[in-house]
2 protein chains.
Amino acid sequence: MGSSTGGRPPVMADVAKAAGVSHQTVSRVLNDHPNVRAETRSRVLEAIDLLGYRRNMVARALVTRHSRTLGVVSFDTTLYGPASTVYGIEQAARDAGYFVSIVSLRTIDRAGVRDAINYLIEQGVDGIVVVAPQRSAAGALEDLSPGIPIVAVEGGHSVQVPVVCVDQAEGARLATDHLLKLGHETVWHIRGPQDWLEAEGRVEGWRGALSAAGRDIPEVLSGDWSPRSGYEAGKLLAGMAGEVTAVFVANDQMSLGVLRAFTEEGVRVPEQISIVGFDDIPESEFFSPPLTTVRQDFGAVGRHSIDVLLGQLEEGAAKVLERFVVPPDLVVRGSSAPPGA
Amino acid sequence: MGSSTGGRPPVMADVAKAAGVSHQTVSRVLNDHPNVRAETRSRVLEAIDLLGYRRNMVARALVTRHSRTLGVVSFDTTLYGPASTVYGIEQAARDAGYFVSIVSLRTIDRAGVRDAINYLIEQGVDGIVVVAPQRSAAGALEDLSPGIPIVAVEGGHSVQVPVVCVDQAEGARLATDHLLKLGHETVWHIRGPQDWLEAEGRVEGWRGALSAAGRDIPEVLSGDWSPRSGYEAGKLLAGMAGEVTAVFVANDQMSLGVLRAFTEEGVRVPEQISIVGFDDIPESEFFSPPLTTVRQDFGAVGRHSIDVLLGQLEEGAAKVLERFVVPPDLVVRGSSAPPGA
DNA sequence: AGTGAGAATGTTAGCGATAACACTACCGAA
DNA sequence: TTCGGTAGTGTTATCGCTAACATTCTCACT
């Protein structure tokens with residue numbers, strides 16, 4: 001490693017000595033300061049290369065008071081939605097020259113979110129993105145005095161921090177209207193778990209579309225996002241195959257469970273019952289039949305959340321409490337058709 | 001915020017003044033040093049609470065030379081495998097009192113991995129986990145002089161760093177033997193992309209099981225892990241429905257594509273062709289039919305990689321080049337059955 | 001040649017914490 | 001009483017870097 005630094009990793013002073021300049025000049029080269037002679041710059045760069053010098057960002061962060069690291073608080077990053085969002089955030093952050101530190105919560109509650117945020121602030125992150133899809137998590141955003149920029153993803157109507165989200169209600173409306181336009185009398189719904197804001201937005205949009213069209217609003221079935229819960233709801237619906245002709249399921253995984261239940265019970269999709277899901281996971285296109293669903297652009301959500309965060313970082317006191325809404329898209333495939341088709 | 005620190009966040013000296021002690025005593029309280037009188041300790045804690053003081057971990061890291069942060073380099077964390085592994089790593093790290101900084105690579109190559117590692121070292125991480133499922137990524141581990149502990153997940157037979165991995169070949173053997181034991185004459189295989197070590201381990205295990213049983217080794221079909229590539233391979237196989245009775249597919253997503261292709265072509269599973277997948281994603285149980293597959297315990301992989309890393313951190317010079325192999329499990333479901341069943 | 005503006009470089013003083021050592025009490029043993 | 005040991009606390013130096021200011025050098029213009 002270091003040619004002549006006695007085993008320990010070289011520091012700026014070692015480079016300075018090797019290049020015959022002061023450590024400040026090395027710092028200037030590293031920070032692209034304009035007032036450095038080209039010849040000096042290259043001598044410094046050579047010395048850096050020779051010694052294998054790496055800047056100590058910790059020391060730098062101490063004096064600049066910026067770590068160029070952003071914190072992300074999320075919940076169960078093995079789920080497709082959170083995983084995609086976090087991925088989008090990480091990519092956008094890196095493109096902007098920032099690092100990302102992640103805290104994945106096992107269970108979500110006010111205390112957990114608050115601790116995670118404090119934890120990240122102690123670490124010296126410059127800003128925090130909270131992927132807070134549950135009401136309880138969003139609640140935690142209300143009682144904090146961060147002193148640093150925070151943005152929530154899917155964070156409900158919190159008044160404390162800016163929010164970036166997909167228009168869940170609009171997505172549900174697209175799905176429901178699509179089924180109504182196909183000629184279905186009404187549309188049933190399997191919703192996501194109680195505490196989730198996304199689940200509630202989707203219920204709201206579905207209900208809104210039905211009442212706007214003056215249709216009956218069937219009783220809501222409940223799931224927990226898992227294929228199994230969809231399967232169970234599907235078994236129930238299969239028993240009402242005459243009555244039910246269209247179902248809007250709150251996510252694609254549950255839709256898969258519904259499809260499985262229908263297959264087992266001999267209910268044909270879409271001939272007897274049409275299904276529309278939500279998320280457009282990579283698998284949905286290859287379900288049997290391929291699933292009509294609502295696509296969420298998680299990448300856009302990630303990018304916007306970083307934009308908003310960096311905006312706050314630069315504006316400083318501006319503290320814009322914007323609400324950035326990403327529109328969803330309907331993707332029509334084989335699982336939806338006119339009734340009795 | 002700070003009651004009397006003039007707007008800026010309080011520092012240790014402010015707490016010291018408020019509690020009427022020296023800053024060193026505050027530090028001792030914070031670090032649970034034994035030689036502090038109980039009364040003093042509580043006075044300090046009170047002052048901390050009063051001022052809303054939070055320790056500056058950046059300054060701490062500078063002097064202790066430990067950040068209690070680990071770096072993770074991964075590839076496409078929206079895929080189930082990497083996402084689950086990273087999740088396991090994050091949980092294990094946090095349980096051990098460490099933070100996690102993530103770099104998700106978009107494309108994987110030597111330079112990308114090397115840069116990511118350097119990037120993390122500059123940030124002052126105490127150790128790095130490289131989730132390096134491709135040969136090219138694993139290669140990057142060979143030409144680095146990190147100076148800090150590194151462990152590879154699925155990193156091949158690299159001699160430079162310890163490796164934690166799932167026994168891919170063994171999983172493939174389980175899958176293949178299962179199909180042979182059901183009475184199939186031989187087993188076809190749809191492999192994963194060329195550069196992936198996991199894909200190669202699975203091919204190897206499949207081929208090994210067939211030759212051990214003295215069976216013909218059919219030509220290998222290739223996919224890229226995506227459902228679409230499985231679909232395309234499935235179309236091909238469907239055309240040989242007489243000849244082919246069993247297929248071992250290198251992952252569950254491709255299996256879904258195969259199932260879709262077979263459904264379209266009227267090939268019944270498992271009656272005409274049996275299918276076994278790999279990964280046991282949450283969806284597989286609800287495929288039609290439910291997929292027989294090989295489960296990988298990603299959580300265990302994450303935990304072990306952290307164990308190995310922390311081991312290196314504590315041992316220091318020990319530099320044990322262990323290789324930790326997590327055994328896979330066969331999960332039998334409806335997609336596999338005796339031929340012509 | 002003398003001057004002054006600006007470019008190029010050096011010097012010093014922190015950032016906020018811990019480490020190392022110094023010091024004061026207070027204790028029991030000699 | 002004196003001494004050594006230790007618990008409790010304070011003082012100073014230091015981690016590796018950048019900010020702010022100080023200094024030198026260069027060159028166009030008088």
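Take each residue of peptide B:99-106, count the partner chain Cβ atoms within 10 Å of its Cβ, and average: the result is 6.
Once the gyration tensor of the Cα atoms in segment B:168-296 is diagonalised, the equivalent ellipsoid follows with semi-axes of 19, 17, 14 Å, ordered largest first.
Rolling a 1.4 Å probe over the protein heavy atoms leaves A:Tyr80 with an accessible area of roughly 70 Å².
Taking the alpha-carbon centroid of each part, what is the distance from segment A:101-126 to segment B:282-313 in angstrom? Spelled out, the Cα-based centre of one part sits 25 Å from the other. Relative to the longest principal axis of the C-alpha atoms of chain B, give the angle of the C-alpha long axis of helix B:197-212, reported between 0 and 90° and rounded to the nearest 10°. So the inclination is approximately 40 degrees. Computed 3J(HN,Hα) for segment B:80-96, one whole-Hz value per residue from the Karplus formula 6.51 cos²θ - 1.76 cosθ + 1.60 where θ = phi - 60°, is 4, x, x, 4, 5, 5, 4, 4, x, 5, 4, 5, 5, 5, 5, 4, 8, glycine and proline marked x.
Let me check I have the definition right: for the protein assembly as shown, take the eigenvalues of the Cα gyration tensor, multiply each by 5, take square roots. What are those semi-axes in whole Å, largest first? Could the numbers behind the result be given before it?
Working: eigenvalues 467, 233, 89 Å².
The three semi-axes for the protein assembly as shown are 48, 34, 21 Å.
Computed from phi, the 3J(HN,Hα) profile of segment B:279-288 under the Karplus parametrisation 6.51, -1.76, 1.60 (θ = phi - 60°) reads 2, 6, 5, x, 6, 4, 5, 10, 5, 10 Hz, with x in place of Gly and Pro.
Report the antiparallel proportion of the DSSP beta bridges in the protein assembly as shown as a percent, rounded to a multiple of 5. Present the calculation step by step, with values, prior to reporting the outcome.
Numbers: 10 of 72 bridges.
Around 15 percent antiparallel, to the nearest 5.
Given the options A:Val247, A:Val131, A:Val15, which has the most mean-square fluctuation in a GNM of chain A, springs set between C-alpha atoms less than 10 angstrom apart? Judging by the Gaussian network model, the answer is A:Val15. Rounded to two decimals, the Cα radius of gyration of segment B:12-55 over 2.2 N^0.38 Å is 0.96. Reducing segment B:322-337 and segment A:1-71 to their Cα centroids gives an inter-centroid distance of 50 Å. For A:Lys235, go through the aspartates and glutamates and keep the ones whose alpha-carbon is under 12 Å away, minus same-chain ones fewer than eight residues off. Excluding near neighbours in sequence, the set is A:Glu264, A:Glu265. Taking all protein chains together and rolling a 1.4 Å probe, B:Arg68 ends up with roughly 100 Å² accessible.
The largest-to-smallest principal axis extents of the Cα set in chain B are 87, 38, 32 Å.
Mind grabbing the interface size between A and B? I mean buried accessible area, both sides, 1.4 Å probe, in Å² to the nearest hundred. Walk me through the intermediate numbers first.
Values: alone 16520 and 16500 Å², together 27830 Å².
When A and B are taken together, about 5200 Å² of accessible area is lost.
Between B:Pro82, B:Pro162, B:Pro282, find the one with the highest GNM mean-square fluctuation for chain B; connect C-alpha pairs within less than 10 Å. Sorting by GNM fluctuation, first place goes to B:Pro282.
Can you tell me the order of A:177-189, A:222-234 when each peptide is scored by its average per-residue count of other Cβ atoms within 10 angstrom, highest first? Before the final figure, lay out the partial values.
Numbers: A:177-189: 20.2, A:222-234: 22.2.
Result, highest mean first: A:222-234, A:177-189.
For the residues A:Arg28, B:Arg268, a 1.4 Å probe over the protein chains yields an accessible-area ranking, largest first, of B:Arg268, A:Arg28. Comparing B:Val63, B:Val276, B:Val73, which has the greatest mean-square fluctuation in the GNM of chain B with Cα pairs linked when under 10 Å apart? Looking only at B:Val63, B:Val276, B:Val73, the biggest GNM fluctuation is shown by B:Val63.
Ranking of A:Arg260, B:Arg173 by solvent-accessible surface, largest first: B:Arg173, A:Arg260 (1.4 Å probe, protein heavy atoms only, all chains present).
For the segment B:119-125, counting C-beta atoms of other chains within 10 Å of every residue's C-beta and taking the mean gives 5. Probing with 1.4 Å while keeping every protein chain in the model, the per residue accessible area of segment B:133-271 equals 37 Å². Kirkwood hydrodynamic radius computed over segment A:74-216 comes to 16.6 Å, based on all pairs of distinct alpha carbons. Structural descriptor for segment B:190-248: relative contact order 36 percent, calculated from alpha carbon pairs under 8 angstrom and at least 6 residues apart.
Taking all protein chains as present, what is the carbon and sulfur share of the accessible area of segment B:168-296, in % to the nearest whole number, probe 1.4 Å?
Values: 2070 of 4440 Å².
The computed percentage sits at 47.
Each copy carries A:Ala96; placing its label point 7 Å along the C-beta direction from Cα gives inter-copy distances of 3.1 nm, listed from smallest up. Counting only protein heavy atoms and a probe of 1.4 Å, the accessible surface of segment B:47-97 is 53% carbon and sulfur.
Among beta bridges identified by DSSP and lying wholly in chain B, the antiparallel ones come to about 10 percent.
Within segment B:239-318, the proportion of Cα pairs with more than 19 Å between them is 49 percent. Between the Cα long axis of helix A:168-181 and the first principal axis of chain A there is an angle of about 30°, rounded to the nearest 10. Relative to the longest principal axis of the Cα atoms of chain B, the long axis of helix B:252-265 makes an angle of roughly 30 degrees. Can you list, shortest first and in nm, the gaps between the label point of B:Arg54 and those of its counterparts in the other copies, using a point 7 Å from Cα in the C-beta direction? From this label point to the equivalent ones elsewhere in the assembly: 2.7 nm. In deg cm²/dmol, rounded to 500, what helix-only [θ] at 222 nm does the protein assembly as shown give when every DSSP H run of at least 4 residues adds -39500 (n - 2.57) and the total is split over its residues? Result for the protein assembly as shown, helices only: -13500 deg cm²/dmol.
Given contacts defined as C-alpha pairs under 8 Å and at least six residues apart, what's the relative contact order of segment B:145-218, whole-number percent?
Working: 88 pairs, mean separation 22.0, N = 74.
Contact order relative to length: 30 percent.
Gap in Å between the Cα centre of segment A:180-255 and the Cα centre of segment B:211-257? If we compute the Cα centre of each part, the gap is 36 Å. Ordering B:Glu90, B:Glu285 by accessible surface, largest first, gives B:Glu285, B:Glu90; the 1.4 Å probe counts only protein heavy atoms, with every chain in place.
For segment B:94-229, what's the relative contact order in percent, using C-alpha pairs closer than 8 Å and at least 6 residues apart?
Values: 190 pairs, mean separation 24.9, N = 136.
So the answer I get is 18 percent.
Per-residue shielding of A:276-289, expressed as the average number of other chain Cβ atoms within 10 Å of the residue Cβ, stands at 5.
The values are calculated or read from the model by the stated rules, or taken from the named source; none is laboratory data. Because the structure is a prediction, the values reported are computed rather than measured. Glycine also receives a Cβ, built like all others from the backbone with ideal geometry; neighbour counts cover every protein chain displayed. Surface areas here come from the heavy atoms of the whole protein model, side chains and all, with no ligands, DNA or RNA. Shrake-Rupley method; radii C 1.70, N 1.55, O 1.52, S 1.80 Å.
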